[in-house]
Amino acid sequence: MARAAAIVMEHAGPEGIDINMGCPVYKITSNFNGCALMKEPERAAAIIREIKQAIGDTPLSVKIRLGWSNPDDFKKFIPAIEEAGAQLITIHGRTKEQGYSGKSDWERIRQAKDIASVPLLANGDIHESYQVWEALEQTGADGVLIARGALGNPWFFQVARNKGQGAITIDERIQVVIEHARLHVMQYGERGIVSFRKHLAWYFKGNRIGVDVPGIKELRGELVRVNSIEELEGVLGRLQEKRVV
Ligand SMILES: Cc1cc2nc3c(=O)[nH]c(=O)nc-3n(C[C@H](O)[C@H](O)[C@H](O)COP(=O)(O)O)c2cc1C
């Protein structure tokens with residue numbers, strides 16, 4: 001990993017390197033990577049030490065979970081990785097065994113914040129913008145990391161920063177969806193629209209865009225079947241015409 005970090009430094013010159021010691025995916029952990037490293041704090045510390053040596057002054061951060069199966073593993077793990085050179089820690093408030101079930105334990109993240117001497121970021125189940133402030137207050141963390149909450153909701157950050165003030169209009173939202181779709185197709189080619197359908201489902205799910213539009217259910221059904229940007233624009237155009245506000 002230190003050699004890999006040196007190659008990344010040479011070719012990409014990043015502002016920082018983040019090591020993922022939180023990944024629960026079998027393909028990763030069965031190879032002793034990701035969250036498996038939380039079972040072996042000494043090995044994790046050795047990896048961090050060597051990477052730190054390879055990257056010099058470039059900041060090194062580490063993402064972890066509460067633990068492998070024991071939700072209190074972090075109590076020993078945090079001091080070990082800090083001592084080895086981790087300069088910022090993000091903690092997802094679940095164990096590897098939990099996967100994505102249960103709830104991110106913000107109370108344990110608060111305990112992690114008490115233990116950590118480097119900046120600590122809270123992660124897990126901050127699904128709505130207003131929860132950023134709840135999580136910061138409840139955990140005392142120095143910041144938060146958002147993952148699933150931003151799927152289909154790139155406005156998450158702006159709304160959180162403005163503490164919920166200033167609504168984003170449906171026209172703005174639709175414009176962003178179309179821009180995103182165009183960029184996606186540029187990246188993945190014409191058939192890219194098929195893999196963009198999941199983003200459409202996220203953009204238009206439940207309480208998001210167009211809840212108050214008559215016939216939104218049918219429009220949603222059409223959206224997840226679109227075969228081209230033109231078709232997408234057509235459906236969104238009809239959505240705009242039909243809306244009440
Ligand atoms: C589809 C998916 C892919 C993910 N990939 C990564 C990854 O590559 N690296 C990483 O550190 N975390 C990854 N995560 C975990 C998230 O960063 C985050 O820790 C987790 O989803 C909990 O936060 P959330 O409740 O805000 O989604 C992934 C999560 C999901 C759902």
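Computed from the coordinates by the stated procedures, all read-outs in this text should not be read as laboratory data. Keep in mind that this is a model prediction, so the values were computed, not measured. Neighbour counts run over all protein chains shown; Cβ positions are idealised from the backbone, glycine included.
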Inset, instruction - Please give the net charge around Gln87, taking every other residue with its beta carbon less than 11 angstrom from that of Gln87, where Lys and Arg add +1 and Asp and Glu add -1. - result: -2
Inset, instruction - Hand me the trypsin sites (Lys or Arg not before Pro) from the range 139-245 located in a DSSP loop with no more than 12 other Cβ atoms within 10 Å, in residue order please. - result: Lys163, Arg191, Arg225
Inset, instruction - Starting from the Kirkwood radius over alpha-carbon pairs of the chain, derive D by Stokes-Einstein at 37 °C in a medium of 0.692 mPa s and give it in µm² s⁻¹. - result: 162
Inset, instruction - Compute the normalised compactness of the range 170-242: alpha-carbon radius of gyration over 2.2 N^0.38 Å, N being the residue count. - result: 1.01
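For the range 84-114, which trypsin sites (Lys or Arg not before Pro) pass both filters: DSSP loop (anything but H, G, I, E, B) and at most 14 other C-beta atoms within 10 Å? Before the final figure, lay out the partial values.
Details: sites: Arg94, Lys96, Lys103, Arg108, Arg110, Lys113; in loops: Lys96, Lys103.
Listed in order of number, the matching sites are Lys103.
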Legend entry - Built amide H within the under 5 Å cut-off of Leu66, gap 5+: His92, Arg94, Thr95
Inset, instruction - Would you calculate, for the chain, the mean residue ellipticity at 222 nm contributed by helices, counting each DSSP H stretch of 4 or more residues as -39,500 (n - 2.57) and dividing by all residues, to the nearest 500? - result: -15000 deg cm²/dmol
Legend entry - Rounded to 10°, Cα long-axis angle of helix 229-242 versus longest principal axis of the chain: 70
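Taking R0 as 35 Å, what FRET efficiency do you get between Tyr130 and Glu179 from their Cβ-Cβ distance, rounded to the nearest 0.05?
0.85
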Inset, instruction - List the residues whose amide H sits under 5 Å from the amide H of Val144, counting only those 5 or more places along or on another chain, with H placed 1.01 Å from N in the peptide plane. - result: Ala122
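What are the GluC sites (Glu not before Pro) within the range 112-198 that DSSP puts in a loop, where the Cβ has at most 10 other Cβ atoms within 10 Å?
Details: sites: Glu128, Glu134, Glu137, Glu172, Glu179, Glu190; in loops: Glu128, Glu190.
Loop-located and lightly packed - Glu190.
Just need the relative contact order of the chain here, percent rounded to a whole number, with Cα pairs under 8 Å and 6+ apart. List each step's numbers first, then the result.
Working: 372 pairs, mean separation 28.9, N = 245.
About 12 percent, as a whole number.
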